[in-house]
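This report refers to the structure that appears directly beneath it.
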Amino acid sequence: MSKFLNEFKEFAMRGNVLDMAVGVIIGGAFGKIVSSVVNDVIMPPIGWLIGGVNFADLKLTLPTVQVAGEEFKTATINYGSFLQTCFDFLIVAFCIFMLIKAVNKLAKKKEEPKEPEAPKAPEPSAEEKLLMEIRDLLKSQQK
């Protein structure tokens, strides 16, 4: 049993698992913020602009069904809630897109050198160095 616990501890303490857990927690909190923005800030003005409609109240009521003299509860299709959830998704997807775009831009800047270096002149070979020394000696003897 202790081997199993040690393996689990090793798995849980790896960096990528911890990073993923933090990401899930922050993502959940971000989702709540986005839902609040959509439900409390974006949708009320849109509903007001189109005639005072509250999107959360938009629904299609299905007819009541009676079976053996017993009447079943009326079912509704809540398409207003669905529309709000779609707006939530679009805003979250847009925010993630912008975040990834910014991260990719920063990564690209790190990869590119800031200033291109001037190409260095190739080092002269041993033979060229020897010829230069001979030339310099001949010049000094002629003077």
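The values are calculated or read from the model by the stated rules, or taken from the named source; none is laboratory data. Note that the coordinates shown come from a computational prediction; the quantities given were computed from them, not determined experimentally. FYI the Cβ positions are ideal-geometry reconstructions off the backbone, even for glycines, and counts take in every protein chain you see. What goes into the accessible areas is simple: the full protein's heavy atoms, side chains included, and nothing from ligands, DNA or RNA. Shrake-Rupley method; radii C 1.70, N 1.55, O 1.52, S 1.80 Å.
Scan segment 11-36 for residues that are open to solvent by 60 Å² or more (accessible area, probe 1.4 Å), under 21 Å from residue 89 (Cα atoms) and among the hydrophobic types (A, V, I, L, M, F, W, C) and jot them down.
20, 22, 24, 25, 26, 30, 33
Give me the pairs: first residue in segment 1-18 and at pLDDT below 75, second residue of a type outside the set (A, V, I, L, M), beta-carbon distance under 9 Å, and six or more apart or on different chains, which are they?
Matching pairs, first to second residue: 17/11.
Would you pick out the residues in segment 54-63 that are touching a Leu at 6+ places or on another chain (Cβ under 9 Å) and not in a helix (DSSP H, G or I)? Reasoning before the result, please.
Pass one, segment 54-63, residues touching a Leu at 6+ places or on another chain (Cβ under 9 Å): 55, 58.
If the condition is that a residue be touching a Leu at 6+ places or on another chain (Cβ under 9 Å) and not in a helix (DSSP H, G or I), then 58 is the only one that fits.
Among the residues in segment 37-51, are any over 21 Å from residue 93 (Cα atoms), open to solvent by 80 Å² or more (accessible area, probe 1.4 Å) and in contact with a Phe, Trp or Tyr (Cβ under 9 Å, 6 or more places away or on another chain)?
Step one: of segment 37-51, the residues over 21 Å from residue 93 (Cα atoms) are 44-45, 47-51.
Imposing the further condition that a residue be open to solvent by 80 Å² or more (accessible area, probe 1.4 Å) reduces the set to 48-50.
If we keep only those that are in contact with a Phe, Trp or Tyr (Cβ under 9 Å, 6 or more places away or on another chain) as well, we get none.
Within segment 37-51, not a single residue is over 21 Å from residue 93 (Cα atoms), open to solvent by 80 Å² or more (accessible area, probe 1.4 Å) and in contact with a Phe, Trp or Tyr (Cβ under 9 Å, 6 or more places away or on another chain).
So that you can scan it fast, the table gives a plain yes or no per residue for (1) at pLDDT 85 or above; (2) within 23 Å of the chain's Cα centre (by Cα):
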position	(1), (2)
28	yes, yes
33	yes, yes
43	no, no
58	yes, no
62	yes, no
66	no, no
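Looking for something part of a helix (DSSP H, G or I), open to solvent by less than 90 Å² (accessible area, probe 1.4 Å), under 30 Å from residue 60 (Cα atoms) and hydroxyl-bearing (Ser, Thr, Tyr) - is there at least one such residue anywhere in segment 70-80? Spell out how you get there, then give the answer.
Going residue by residue through segment 70-80, those that are part of a helix (DSSP H, G or I) are 79-80.
Filter once more, keeping what is open to solvent by less than 90 Å² (accessible area, probe 1.4 Å): 80.
Pick out the ones that are also under 30 Å from residue 60 (Cα atoms) and you get 80.
After this cut, where a residue has to be hydroxyl-bearing (Ser, Thr, Tyr) as well, the list is none.
Checked against the condition, which is being part of a helix (DSSP H, G or I), open to solvent by less than 90 Å² (accessible area, probe 1.4 Å), under 30 Å from residue 60 (Cα atoms) and hydroxyl-bearing (Ser, Thr, Tyr), segment 70-80 yields no hits at all.
Could you give every pair whose Cβ atoms fall below 6 Å, whose first residue belongs to segment 77-103 and is closer than 18 Å to residue 40 by Cβ, and whose second residue is surrounded by 12 or more Cβ atoms within 10 Å (Cβ to Cβ) and of a type in the set (Ser, Thr, Tyr), counting only separations of at least 6 or pairs across chains?
From residues that are closer than 18 Å to residue 40 by Cβ, the pairs are 88/35.
Output the residues belonging to segment 28-53 that are outside any helix (DSSP H, G or I) and either at positive phi or touching a residue at least 24 places away in the same chain (Cβ under 8 Å) (or both). Write out each step before concluding.
Filtering segment 28-53 for residues outside any helix (DSSP H, G or I) gives 50-53.
Result: 51, 52.
Take the residues in segment 52-69 that are touching a strand residue (DSSP E or B) at 6+ places or on another chain (Cβ under 7 Å) and under 30 Å from residue 41 (Cβ atoms); name whichever of them is surrounded by the most Cβ atoms within 10 Å (Cβ to Cβ).
Among them, the one singled out is 59.
Go through segment 81-100 and report how many residues are loosely packed, with under 15 Cβ neighbours inside 10 Å and of a type in the set (A, V, I, L, M).
Restricting attention to segment 81-100, the residues satisfying the condition of being loosely packed, with under 15 Cβ neighbours inside 10 Å are 82, 85-86, 89-90, 93-100.
Among the residues that remain, those that are also of a type in the set (A, V, I, L, M) are: 90, 93, 96, 98-100.
The qualifying residues number 6.
With the requirement that a residue be assigned to a helix (DSSP H, G or I) and over 21 Å from the mean Cα position of the chain (by Cα), what does segment 1-23 give you? Quick ask: steps written out before the conclusion?
Initial filter on segment 1-23 (assigned to a helix (DSSP H, G or I)): 2-12, 15-23.
Answer for segment 1-23, where residues must be assigned to a helix (DSSP H, G or I) and over 21 Å from the mean Cα position of the chain (by Cα): 2, 3, 4, 5, 6, 7, 8, 9, 10, 11, 12.
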